[in-house]
Amino acid sequence: MNVLKVGVVGTGAIGREHIERITNKLIGAKVTAVTDINEANAAKAAAICGARVEKDSAAVVNAADVDAVLVCSWGPAHAASVLQAIAAGKPVFCEKPLATTADDCKKIVDAEVAGGKHLVQVGFMRRYDKGYLQMKKIIDSGEMGAPLLVHCAHRNASVDKSYDTPMAVNDTAVHEIDVLHWLINDEYVSAQVIIGKSTKHTHSKLKDPQFIILRTKGGITIDIEIFVNCKFGYDIQCEVCCEEGVIRMPEPSFPTLRKDKYRSVYIEQDWRWRFADAYDVEVQDWINSAIKGEVKGPTAWDGYMVAVTSDALVQSQQTGQTVPIAAGERPEFYNTRL
Ligand code: NAI
Ligand code: ISE
């Protein structure tokens, strides 16, 4: 197989971003079929890559000229497409979240394990971001000693009116939930959300900001500020406090301006640009692996773990109490993942 033939389910914002990068930037793949319940979005996607528009997800997944599937529909539609791809024995890259309930994630895990072949990669792109990778290398080297505390902030300039309180966890914090346990090589045991004063820039269905606390099996405490109407930009912060010192994630680099008595640096405004390089590396890695019949990156089990942790956090949003996290034992199948 010289060129991986990709079918795309869901051609909204990130679906078209990925189609654009596969078509014009990355190597080794082409998009041959797309589908979307919104015909206009499917047509826009087809115009980018010259692909055929299929009637639904099953038609894309089972098409003879589709070797691998990219799922970029809304979260509640993910599970059906991923299960179709597993049944067809085709590699599938699913944007976050893997599914919107822990039960659906578990069905995907069970189907993949029963099939006996690694097929699923979840789109947690931060594991491909240079800043997180640099931090992980330092942590894994042991030169800073054991991690003790992690401080994070995930700030969006603004969100749609339809975004509500649980989405601070299910749509936004899921990125930290995935990347942090990978970064510090640990597992979560409890979750808590503290909700205080809200900004005047929010509405009655969204408490904003929120403060998340995760505790790990190894005794590490993690705090994450989620603030999705911060106004000033897209700002991702991560600092790991270790026994021998502190590691801070590098900021995206922009020129420093000196003007009108001030020294200033631009702040990225959107996830598209903040993580553009990470998306490129992530999707290229998926293409390279799928061509070889392999799958790497975040697993269906990782997607399930995120869902279980999210459920505990959403429960804590109601009471502010600490909620235990119990995902059970990771199946042996996932210990052999590349
Ligand atoms: P969007 O609303 O712009 O696009 C979703 C598209 O899926 C729409 O065109 C919709 O019509 C289509 N769709 C919904 N159900 C479908 C179905 N059953 N079959 C076919 N098409 C269907 O949303 P966006 O921002 O592109 O998000 C898509 C997914 O990507 C979400 O799960 C979101 O959480 C994730 N995402 C991930 C990001 C990341 O940083 N990794 C960033 C933004 C989104
Ligand atoms: C969006 O879906 C993403 O995944 C972004 O990375 C995140 O910052 C944003 O809050 C979500 O809505």
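The values are calculated or read from the model by the stated rules, or taken from the named source; none is laboratory data. All of these numbers come straight from a predicted model, not from anything done at the bench. Quick reminder, even Gly has a Cβ in these numbers, built from the backbone with ideal geometry, and neighbours come from all protein chains shown. Side chains included, ligands, DNA and RNA excluded: accessible areas come from the protein's heavy atoms. Shrake-Rupley method; radii C 1.70, N 1.55, O 1.52, S 1.80 Å.
Each of Ser289, Asn62, Gly15 was scored by the projection of its Cα onto the charge dipole of the chain, and the greatest displacement toward the positive side belongs to Gly15; charges sit on the C-beta of Lys, Arg, Asp and Glu. Dipole size of the chain about its Cα centre, with +1 on Lys/Arg Cβ and -1 on Asp/Glu Cβ: approximately 800 debye, rounded to the nearest 20.
Restricting the calculation to Cα atoms, every distinct pair contributes to the Kirkwood radius of the stretch 130-274, found to be 16.5 Å. Pairs spanning more than 24 Å between alpha-carbon atoms, out of Lys96/Lys207; Lys55/Lys106; Lys136/Lys161; Lys44/Lys107; Lys136/Lys231; Lys5/Lys106: Lys55/Lys106; Lys136/Lys161; Lys44/Lys107; Lys136/Lys231; Lys5/Lys106.
The aspartates and glutamates within cross-link reach of Lys117, meaning a Cα-to-Cα straight distance under 17 Å and a gap of 8 or more places when in the same chain, are Asp67, Glu294, Asp302, Glu332. About its Cα centre, the dipole of the stretch 219-338 is roughly 500 debye, where the only charges are +1 on Lys and Arg Cβ and -1 on Asp and Glu Cβ. Loop-located trypsin sites (Lys or Arg not before Pro) in the stretch 261-300 (DSSP state not H, G, I, E or B) with no more than 13 neighbouring Cβ atoms inside 10 Å: Lys261, Lys292.
For the chain, the solvent-accessible area with a 1.4 angstrom probe is 46 square angstrom per residue.
Shape class of the stretch 193-338 from the Cα gyration tensor (axes a ≥ b ≥ c, square roots of the eigenvalues): oblate, since a/c reaches 1.5 or more and a/b does not exceed b/c. Inter-label distance, Asn38 to Glu332: 4.6 nm, where each label sits 7 Å from its Cα along the C-beta direction.
Overall, the accessible surface of the chain at a probe of 1.4 angstrom is composed of carbon and sulfur to the extent of 53 percent. The 3J(HN,Hα) values that the Karplus relation (6.51, -1.76, 1.60; θ = phi - 60°) gives for the stretch 284-296 are, in residue order, 5, 5, 5, 4, 4, 6, 4, 4, 8, x, 10, 9, 10 Hz. Gly and Pro appear as x.
Note on Lys200: aspartates and glutamates with a C-alpha under 13 Å away, same-chain residues under 8 apart excluded, are Asp208.
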